[in-house]
Each structure stands twice: as C-alpha cells, then as structure tokens.
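Written out below as structure tokens is the structure these notes cover.
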Amino acid sequence: MEKKSTTNFTEPKLTSIKDCWDEVKNGIDNIIKENSILTFRAEDVYSECVNSRAFLFTSDKGFLVLTEERDDFTGDKTLLIWLAYTYEKGDSNWIEHVDWFNTLATESGCKFIEARSQVPQMRKYAVANGWEIDTIVYRRRVNGSKT
C-alpha cells in the first residue's frame, strides 16, 4: 500500500528554464556537488530544456527535470525523473506527486516512470511506496584511467 502524504500537494507546472535559470542553476549545482558520479553540468540541463529534450516543472516545493527514454527493443517509453530538487530536504516530497506522475506518463504514452539515485535511503522509502528496483549498477574505474 502506498503511503499517503500529509502535506499539501502543489501541482508542478511546466516552466521555461529561461524564466528561472538563476534559481534552478543553483539547485542543479547542488545536485551535481552532492553526486560526484554525475557527468553533466548545469548548462547541459539548460541546453536539454531549451531544445525540448528535457522539461522543467516547478512548484513551491522545488523543481523537476523530466525526460523520456525509449526502449530500443520493445519501443516502450519511460518517463524519467532526471533531476528532482526540493527546497526542504528529507521529506521525500516527490512521493506525494505519484498521481501527477502517473497522469503525465499516461498522457505522454509512457509505460513506466523511473527515478535514479545513489542516495541509499531512497531505496527503502521508494520500495515501501510502490516502486520496484529494476537495476543496480556497479562501476569500477579501469586501472590507470584518469579521474
């Protein structure tokens, strides 16, 4: 059974990244700083959004950057929560948006919704709220390769 949020839901709105770049850039920079395995820069996110390959949604709680991925073999589309940033940390605010994600994914013709994270605490909370673990990636640097 999915846990119901006790906070007030604020529906995220599709927003031009050009209209709030300074605020969003700070959040993206924080995400990148806290997740050293990420290989993109904030400006890459900006480019993806202005070229309609990613979509920024904002609310009073924070922002999301969403993309779609297509399975090369089945053709199934997945709505990917590429980035999620909340102004108040620790409440897993994105969980309360599950109905909104489902509606958006359905309207976009997506069969799945996916979120990726290296935050260990997310696993327990997500699984307890109806999410499944699909893949765990293990990575090792090749000897002699540069950092």
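General remarks:
- Selection status of E88, of a type in the set (D, E), surrounded by 18 or more Cβ atoms within 10 Å (Cβ to Cβ) and either modelled with pLDDT under 85 or in contact with a helix residue (DSSP H, G or I) (Cβ under 6 Å, 6 or more places away or on another chain) (or both): no
- Top-ranked residue in region 112-127 [being small (G, A, S) and at pLDDT below 85; ranked as surrounded by the fewest Cβ atoms within 10 Å (Cβ to Cβ)]: S117
- Pairing residues of region 116-142 that are without any contact (Cβ under 8 Å) to a residue 12 or more places away in the chain and within 19 Å of H97 (Cα to Cα) with residues that are β-branched (V, I, T) and assigned to a loop (DSSP other than H, G, I, E, B), at Cβ distances under 9 Å and at least 6 apart in sequence or on separate chains, gives R123/I133; V127/I133.
- One residue stands out in region 40-66 among those that are part of a loop (DSSP other than H, G, I, E, B), surrounded by 11 or more Cβ atoms within 10 Å (Cβ to Cβ) and not aromatic (F, W, Y): the one that is modelled with the lowest pLDDT, namely K61.
- Residue within region 92-111 that is surrounded by 13 or more Cβ atoms within 10 Å (Cβ to Cβ), over 23 Å from R139 (Cβ atoms) and of a type in the set (D, E) present: yes
- Residue in region 62-81 that is more than 19 Å from E114 (Cα to Cα) and in contact with a helix residue (DSSP H, G or I) (Cβ under 7 Å, 6 or more places away or on another chain) present: no
- In region 67-78, the qualifying residues are those that are of a type outside the set (D, E) and either out of contact with any strand residue (DSSP E or B) (no Cβ under 9 Å at 6 or more places or on another chain) or under 13 Å from S16 (Cα atoms) (or both), and the one that is surrounded by the fewest Cβ atoms within 10 Å (Cβ to Cβ) is F73.
- No other residue among E34, E43, E68 is in contact (Cβ under 8 Å) with a residue 24 or more places away in the chain and among the charged types (D, E, K, R) apart from E68.
The values are calculated or read from the model by the stated rules, or taken from the named source; none is laboratory data. Just so it is clear, the model here is predicted, and its values are computed rather than measured. Heads up, the Cβs are rebuilt from the backbone with ideal geometry, glycines too, and the neighbour counts pull from every protein chain shown.
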